[in-house]
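Right, one structure below, let's go through it.
The values are calculated or read from the model by the stated rules, or taken from the named source; none is laboratory data. In this text, all values refer to a predicted model and were calculated from it rather than measured experimentally. Quick reminder, even Gly has a Cβ in these numbers, built from the backbone with ideal geometry, and neighbours come from all protein chains shown. Note: areas computed on protein heavy atoms with side chains; ligands, DNA, RNA excluded. Shrake-Rupley method; radii C 1.70, N 1.55, O 1.52, S 1.80 Å.
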Amino acid sequence: MNNTRRTFLKNSALTVAGAALLPKQFFGAGKANEIVGIQLYSVRDDMKKDPAGTLQQLAKIGYKYVEHADYVNRKFYGYSAPEFKKLLDGMGLKMFSGHTVMSKKDWNESKKDFTDSWKYTVEDAATVGQRYVISPWLDESLRKNYDELVGFLELFNKSGELCKKSGMRFGYHNHDFEFKYSLNNKKIYDIILEKTDPSLVIQQMDIGNMYGAGGRAEEIIKNHPGRFVSMHVKDEIKTNSKGEMGEGYESSVLGKGILPVKEIIDLGRKKGGTSYYIIEQESYQSKTPIQCAKEDLEVMRKWGY
């Protein structure tokens, strides 16, 4: 894949000064507070060409909730927050969460406060109806020094306080490096879990991103019960290329890969505190992104989500 999720997020972090879900009772299964949705990065090229048309296709498939991966210059896919909310409302869609990278540039050390840019990020998230503002990246500079990482994670807690004022929560989404690298003999992911306040910072576990680096979702959920409000539901297959995380794996239609996806999400439901299940597929094995989105939702329905 030419434009990997990793590259996309790195570019977003530089660009942004601050960067669906179905009620389970809709299908006659699951808990009333659980929702199933799609991360719009799954259909990123379609969203770039025709945001409204792509959202309409997802709504026709049966999605009721989406998660964004494009917030630049106070716009979601080119729309202001009020405009995008109106677009979603018109299609019967809701967007309870979204990805925007929070970096060191979003904190003004001299003022001991967040920059206006990050405050706008939170403000616009609230306007569009989000419940969670999720940062999906840690700059490489933050992965080299334990004290610097811990200091930045305190900003996660402060962002949680800021989001809480608008009735939302802050969150973090993992990739692979959190499981590849350690500081002070602790995996970066373990440091993140240890130093973030669960009442202020949720964890959105990407069960696929971690796999090639040795992260095993079931083990992590068992060791940290109740911490994973949201989950990126993803399957993985072995590929001859570097794959999405550079470790030889790429995502596939759910149930077609090597991950025990149903067992993981069932454990998330039972012990992980998970109520948001966000489908994400970044590679398509000769199918179209929309077709994959349809098949993924059908699998989730079959599994009772």
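Filtering region 268-305 to residues that are farther than 30 Å from HIS224 by Cα and open to solvent by 20 Å² or more (accessible area, probe 1.4 Å) leaves TYR284, GLN285, SER286, LYS287, THR288, PRO289, ILE290, GLN291, LYS294, GLU295. Taking (1) open to solvent by less than 10 Å² (accessible area, probe 1.4 Å); (2) more than 20 Å from PHE114 (Cα to Cα); (3) out of contact with any Gly (no Cβ under 6 Å at 6 or more places or on another chain) in turn, LEU153 satisfies each apart from (2). Looking across region 204-242, the residues that are open to solvent by 10 Å² or more (accessible area, probe 1.4 Å) and either in contact with a His (Cβ under 8 Å, 6 or more places away or on another chain) or within 15 Å of LYS262 (Cα to Cα) (or both) come down to ARG216, GLU218, GLU219.
Looking across region 29-56, just one residue is open to solvent by 40 Å² or more (accessible area, probe 1.4 Å), assigned to a helix (DSSP H, G or I) and polar (S, T, N, Q), and that is GLN56.
Yes/no per residue for (1) over 15 Å from the mean Cα position of the chain (by Cα); (2) modelled with pLDDT under 95; (3) over 25 Å from PHE96 (Cβ atoms):
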residue: SER159; (1), (2), (3): yes, no, no
residue: LYS165; (1), (2), (3): yes, no, no
residue: MET168; (1), (2), (3): yes, no, no
residue: ASN185; (1), (2), (3): yes, no, yes
residue: VAL201; (1), (2), (3): no, no, no
residue: VAL233; (1), (2), (3): no, no, no
residue: GLY243; (1), (2), (3): yes, no, yes
residue: PRO260; (1), (2), (3): yes, no, yes
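Taking first residues from region 171-198 that are open to solvent by less than 10 Å² (accessible area, probe 1.4 Å) and partners that are assigned to a helix (DSSP H, G or I) and among the acidic types (Asp, Glu), the Cβ contacts under 7 Å between residues at least 6 apart in sequence or on separate chains come to ILE188/GLU178; TYR189/GLU178; ILE192/GLU178.
Just one of the listed residues (ALA13, ALA59) is assigned to a helix (DSSP H, G or I), open to solvent by less than 50 Å² (accessible area, probe 1.4 Å) and at pLDDT 95 or above, and it is ALA59. Considering (1) open to solvent by 30 Å² or more (accessible area, probe 1.4 Å); (2) within 23 Å of ASP206 (Cα to Cα), the lone condition that MET91 does not fulfil carries the number (2).
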